[in-house]
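What follows is a single structure, written as structure tokens, with notes after it.
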Amino acid sequence: MKRPLALGDAVQTALGKGVVREVRNNGRLLVAIEGRGVVFDSADVTPIDVTGPARKRARGGTPIAPGPSPGPRLVREIDLHGLTVDEALARAERAINDALLADASELRVIHGRIRAALHRRLRDIPAVRSFRIDARNPGVTVVTF
């Protein structure tokens with residue numbers, strides 16, 4: 001008998017690999033996939049064994065078993081300067097995903113001139129509750145989850 005899926009479990013879905021962000025009633029799961037939260041029935045996802053047979057080799061060639069995953073970093077601020085618009089939006093989505101997985105309530109995005117593109121993208125992300133320009137710095141947007 002397989003164990004029920006839990007918060008933080010890696011899963012394979014029809015849309016790709018993701019991480020369980022929330023376990024809901026009636027066997028429903030909120031899964032984070034590439035920065036987006038998608039709800040699935042637990043029967044529609046397959047657990048991924050992250051401690052499976054894959055083994056890394058140390059520099060000396062000695063196999064070492066993978067240790068516990070350090071998990072997502074707690075992201076509180078990200079700087080997008082020096083990136084193209086596409087690179088910046090992709091990095092912002094990864095930072096939002098990491099912040100959500102780490103249960104952060106807020107993320108500061110230092111964006112400079114790409115503010116309009118970032119705000120358009122933030123409007124399309126369901127997990128973003130709100131966002132606002134930092135009153136002290138118009139080149140920073142504060143995102144709330």
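Each value in this text was obtained by applying a stated rule to the coordinates, not by laboratory testing. Remember, it's a predicted structure, so these values are computed and weren't measured experimentally. Here Cβ is always computed from backbone atoms with ideal geometry, including for glycine, and neighbour counts include all displayed protein chains.
A simple spin-label model places pseudo-atoms 7 Å from Cα toward Cβ; at Asn25 and Ser105 they are separated by 2.6 nm. What the Cβ-Cβ distance of Arg94 and Leu7 gives, at R0 = 22 Å and to the nearest 0.05, is a FRET efficiency of 0.65. 3J(HN,Hα) along segment 3-11: 6, x, 6, 10, 3, x, 5, 7, 9 Hz, from the Karplus curve 6.51 cos²θ - 1.76 cosθ + 1.60 with θ = phi - 60°, whole Hz, x for Gly and Pro. A crude spin-label estimate for the pair Val142 and Ile48, with each label 7 Å from Cα along the Cβ direction, gives 3.4 nm.
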